[in-house]
Amino acid sequence: MCGIVGIYLKNKKFEKSLGKLLSGMLKNMSSRGPDSAGFAIYNEEKKYKYKYSICLNHISFSDFKRNLNKELKKYKINQVSDHVVIKTNEKPEKMLQILNKKFKEISIVGYGKSIEIFKQIGSPERVVQKFNLEKLEGSHGIGHTRMATESAITTDGSHPYSTGEDECLVHNGSLSNHNNLRRELKKKGSVFTSENDTEVAAGYISDNLKNKKTLKETLLSGLKDLDGFYTFITGTRKGFAIVRDEIACKPAVIAETKDYVAIASEFQAMAHLPKVNSAKIFEPEPGVVYTWGK
Amino acid sequence: MKLDLKKSKLRQINEKLQTVGIKKNQRIFTIINPEGNHAICAGLKDDIDVTIKGHTGYYCAGMNQNASITIDGNVGTGVAENMMSGKVHVKGNASQSAGATAHGGLLIIDGDASSRCGISMKGADIVVKGSVGHMCAFMAQSGNILICGDAGDALGDSIYETEIFVKGKVKSLGADCIEKKIENKHEKLINKMLQESGIKNLKSSQFRRYGSARNLYNFKIDNLSSY
């Protein structure tokens, strides 16, 4: 069992309270995932071209910053608990190389023009508080509460998984062909940091998007290539999508109003959202891809 | 009497409703602010009326006996699961496994029911005014299901003796489920179910009947691929 949540705002008026809405959703899903939690927030960066979300693990912030100064000239850095977000104009090809080569002990949890990712072990309440989610703003967000089943309770084992620019994936379920698929994707050049099945699905999506498939096409081909139980929510810079496997054992419910679209494992995750009782509420059908945004 | 799930705990409210008994005059209750909580009105056993104003979570009205429970909203997984008697009326949509293993009573769903509606049911009547998802009536043993809309894939898979009546399209039939002839007694049954669930604009002649071909009851080597 795990809890997955997502909210996409149609009305800009709510952008200031996105973090607050999403944190309520995560807290309400504690019962489905008490081991660890994480979230991705999409908020277009205006001053710099790229943002890099990093978990420092055991490295101190001052050490990291000192060493980063040697590699990077113009940048801005925000520390949030054991995570940092670096804002810079440096392109991913070069920046990821620097980070991977010079800072072996950190985990790069996500990067892109808009995405910021925070994830850590501990109860959703603690994780949400630690990263001050309630104060964050943005256009859409995705979150996950984890009850670990097939890999260890670590930061690297927590969701969301991001394997491409501004991409992220959260997953409720388990995949049975992830080892094979991981081998195939590695041959094509994908890099994985954990033994987790969801990371493979994220890698699969990134690989397809790289080959110019649309998100919808990618998820439809995923229905054939990914074997197992799943409800996925996947985010891109301009929108998000949900898909459930054909058997649809893993729950999902969607609430749509003129102001927002919310997705969650259970309705109780969205009971606090504005005017949710008059929203159009429905379950996504098995094997059907639903997308919002671009 | 109004019961507020924001002010009282779920267990307090459920305990109150489970212990009404036969001597009290107060027999009509309204629950407000359900906010998707699980197991609301589970295990009621007295002849009382409860209305839930809003959407509920899993196993709402589970194991119901005698009580009449109306949900003015959508319900999560397993509404009225293992119901023994009484009536459960969902005014919105129902999630998967609605009326699972129900032995008796009447479950009415005004909207759609998703997958596995009536799975392994053992005797209840289920009326869905909308459509049902895949694997409706999977391994259903007894009782009746009336579907006014369409049915999804694998309707009545591995079914025993439940009667299924569908007005709309059936996407596909499950293993050992076939279309059967509607006889007089079935028309009467459909009319009774339509009447009990307040449906006036439909007639029994608009429905088709599905049930077990009874080929998978006992193990036969020829049927190996169907097990």
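The values are calculated or read from the model by the stated rules, or taken from the named source; none is laboratory data. Quick caveat, the model's predicted, so the values are computed rather than measured. Because the Cβ atoms are built from the backbone with ideal geometry, glycine has one as well, and the counts that use them run over all protein chains shown. Surface areas here come from the heavy atoms of the whole protein model, side chains and all, with no ligands, DNA or RNA. Shrake-Rupley method; radii C 1.70, N 1.55, O 1.52, S 1.80 Å.
Some notes on this structure:
- Screening A:Glu266, A:Glu246 for residues that are crowded, with 16+ Cβ neighbours inside 10 Å and among the charged types (D, E, K, R) leaves exactly one candidate, A:Glu266.
- Taking each residue of region A:113-135 that is buried (at least 24 other Cβ atoms within 10 Å of the Cβ) and looking for partners that are of a type in the set (Gly, Ala, Ser) and assigned to a strand (DSSP E or B) with beta-carbon atoms closer than 6 Å, six or more apart or interchain, yields A:Ile115/A:Ala40; A:Glu116/A:Ser53; A:Ile117/A:Ala40; A:Ile117/A:Ser53; A:Ile117/A:Gly110; A:Lys119/A:Gly38; A:Pro124/A:Ala37; A:Val127/A:Ala37.
- Conditions (1) assigned to a strand (DSSP E or B); (2) more than 14 Å from chain B (Cβ to nearest Cβ): number failed by A:Glu184: (1)
- Hits in region B:129-155 - residues which are β-branched (Val, Ile, Thr) and within 14 Å of another protein chain (Cβ to nearest Cβ): B:Val132
- In region A:275-294, the residue that is farthest from B:Ser114 (Cα to Cα) out of those that are away from every other protein chain (no Cβ under 14 Å) and in contact with a helix residue (DSSP H, G or I) (Cβ under 8 Å, 6 or more places away or on another chain) is A:Thr291.
- Enumeration of residues in region B:29-71 that are within 14 Å of chain A (Cβ to nearest Cβ) and among the basic types (Lys, Arg): B:Lys53
- Of the helices (runs of 4 or more DSSP H) entirely within region A:1-117, those holding at least 2 residues that are touching a Ser or Thr at 6+ places or on another chain (Cβ under 8 Å) occupy A:18-28.
- When B:Lys171, B:Lys180, B:Lys167 are checked against the criterion of being on the phi < 0 side of the Ramachandran plot, basic (Lys, Arg) and in contact (Cβ under 8 Å) with a residue 40 or more places away in the chain, B:Lys167 stands alone in meeting it.
Okay, residues lined up against (1) surrounded by 24 or more Cβ atoms within 10 Å (Cβ to Cβ); (2) touching a residue at least 24 places away in the same chain (Cβ under 8 Å); (3) over 19 Å from B:Cys41 (Cα atoms); (4) of a type in the set (D, E, K, R):
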site	(1), (2), (3), (4)
B:Ile69	yes, yes, no, no
B:Ala98	yes, yes, no, no
B:Gly111	no, yes, yes, no
B:Cys117	yes, yes, yes, no
B:Gly130	no, yes, yes, no
B:Cys136	yes, yes, yes, no
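- Residue selected from region A:220-278 under the condition of a type in the set (A, V, I, L, M, F, W, C) and more than 21 Å from the chain's Cα centre (by Cα), by the criterion farthest from A:Lys27 (Cα to Cα): A:Ile247
- Unique match (being buried (at least 16 other Cβ atoms within 10 Å of the Cβ), in a helix (DSSP H, G or I) and more than 19 Å from the chain's Cα centre (by Cα)) among B:Leu17, B:Leu3: B:Leu17
- Checked against the criterion of being closer than 21 Å to A:Gly19 by Cβ and within 14 Å of chain B (Cβ to nearest Cβ), region A:217-234 contains not a single residue that satisfies it.
- From B:Asn74, B:Asn37, B:Asn93, residue being under 15 Å from A:Glu266 (Cα atoms), surrounded by 19 or more Cβ atoms within 10 Å (Cβ to Cβ) and touching a helix residue (DSSP H, G or I) at 6+ places or on another chain (Cβ under 6 Å): B:Asn37
- So A:Leu169, is it in a strand (DSSP E or B) and within 23 Å of A:Ala248 (Cβ to Cβ): yes
- Residue match in region A:201-222 (condition: open to solvent by 10 Å² or more (accessible area, probe 1.4 Å), under 19 Å from B:Val75 (Cα atoms) and of a type in the set (Gly, Ala, Ser)): no
- Hits in region B:48-57 (condition: free of Cβ contacts under 8 Å to residues at least 24 places away in the same chain and in a loop (DSSP other than H, G, I, E, B)): B:Gly54, B:Thr56, B:Gly57
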